[in-house]
Amino acid sequence: MNFDRVKAALKKRGYAVSSFEAAKDAADYLDQQINGMSVSFGGSLTLSEMNLPKLLALHNTLCLPSQMYDDVLGEVDPVKAMSTDVFLTSVNALAETGEMISIDGIGNRVASMMYGHKKVYLVIGRNKIAENFEKAVWRARNIAAPQNAKRLHMKTPCAVTGRCHDCSSPERICRGVSVLLGKMFRMEMEVVLINEDLGL
Ligand code: SF4
């Protein structure tokens with residue numbers, strides 16, 4: 001995939017941008033960049049598939065919003081996790097025009113990508129990229145959210161049909177939607193693009 005258009009759009013919106021052909025190279029890069037820091041994560045299959053939590057736990061102090069991983073990688077403290085030096089997450093969709101869409105049920109992930117940390121890394125595989133803002137919103141609501149509901153065994157209609165019904169299920173996972181329109185003031189933000197399919 002050619003990242004030229006999306007890279008230009010992201011840079012125009014104020015983000016630092018790096019791109020990699022392989023997830024392994026991106027993981028090595030982040031492992032070098034993040035050293036001796038306090039680090040937290042948003043729930044992200046992308047980061048798990050890259051083995052980043054385990055890599056970073058070897059030489060950083062992890063503070064997690066919940067027990068997200070089978071292994072004990074760090075302290076679990078939802079409040080402290082909101083103010084670590086570094087926060088890593090993915091998004092549910094990235095428009096080629098630069099907007100990033102994320103859907104959250106608890107809120108810690110969308111809150112942390114916008115406030116509270118010195119630096120935020122948004123790690124995004126090529127499958128998350130949509131042609132424009134409208135298609136990115138559609139992807140987040142009709143691909144990412146239903147697949148996540150299914151993965152988490154939620155009793156929601158989308159887990160059965162594979163598309164959003166804007167449900168009123170008690171287990172609805174879509175409770176907050178964030179749109180990043182540009183780099184937030186007062187913190188560094190870097191988008192890490194990877195030319196592989198990662199996450200949902
Ligand atoms: S609103 Fe309900 S049906 Fe739609 S994606 Fe979210 S959980 Fe699924």
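The values are calculated or read from the model by the stated rules, or taken from the named source; none is laboratory data. The shown structure was predicted, so the numbers you read here are calculated from the model rather than taken from an experiment. Cβ coordinates were reconstructed from backbone atoms using ideal geometry, including for glycine residues, and neighbour counts include every protein chain displayed. Ligands, DNA and RNA are excluded from the accessible area calculation, which covers all protein heavy atoms including side chains. Shrake-Rupley method; radii C 1.70, N 1.55, O 1.52, S 1.80 Å.
If residue 195 satisfies every condition in (1) in contact with a helix residue (DSSP H, G or I) (Cβ under 6 Å, 6 or more places away or on another chain); (2) surrounded by 19 or more Cβ atoms within 10 Å (Cβ to Cβ); (3) not small (Gly, Ala, Ser) but one, which is the exception?
(2)
Given the condition within 15 Å of the ligand (Cβ to nearest atom) and under 16 Å from the mean Cα position of the chain (by Cα), answer yes or no: does some residue in the stretch 192-200 qualify?
Yes.
Conditions tested, residue by residue: (1) of a type in the set (Lys, Arg); (2) open to solvent by less than 50 Å² (accessible area, probe 1.4 Å).
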{"position": "8", "(1), (2)": "no, no"}
{"position": "12", "(1), (2)": "yes, no"}
{"position": "15", "(1), (2)": "no, yes"}
{"position": "23", "(1), (2)": "no, yes"}
{"position": "28", "(1), (2)": "no, no"}
{"position": "31", "(1), (2)": "no, yes"}
{"position": "36", "(1), (2)": "no, no"}
{"position": "42", "(1), (2)": "no, yes"}
{"position": "50", "(1), (2)": "no, yes"}
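So, in the stretch 144-180, how many residues would count as being under 15 Å from the mean Cα position of the chain (by Cα), among the aliphatic types (A, V, I, L, M) and open to solvent by 20 Å² or more (accessible area, probe 1.4 Å)?
Number of matching residues: 2.
Looking at residue 91 and the list (1) of a type outside the set (Gly, Ala, Ser); (2) open to solvent by less than 40 Å² (accessible area, probe 1.4 Å); (3) more than 17 Å from the chain's Cα centre (by Cα), which single condition is not satisfied?
So residue 91 meets the others, but not (3).
Which residues, counting only those in the stretch 37-59, are among the polar types (S, T, N, Q), farther than 15 Å from residue 91 by Cβ and in contact with a Ser or Thr (Cβ under 7 Å, 6 or more places away or on another chain)?
Hits for the stretch 37-59 are 38, 40.
Looking at residue 4 and the list (1) farther than 22 Å from residue 173 by Cα; (2) open to solvent by less than 60 Å² (accessible area, probe 1.4 Å); (3) acidic (Asp, Glu); (4) out of contact with any helix residue (DSSP H, G or I) (no Cβ under 6 Å at 6 or more places or on another chain), which single condition is not satisfied?
(2)
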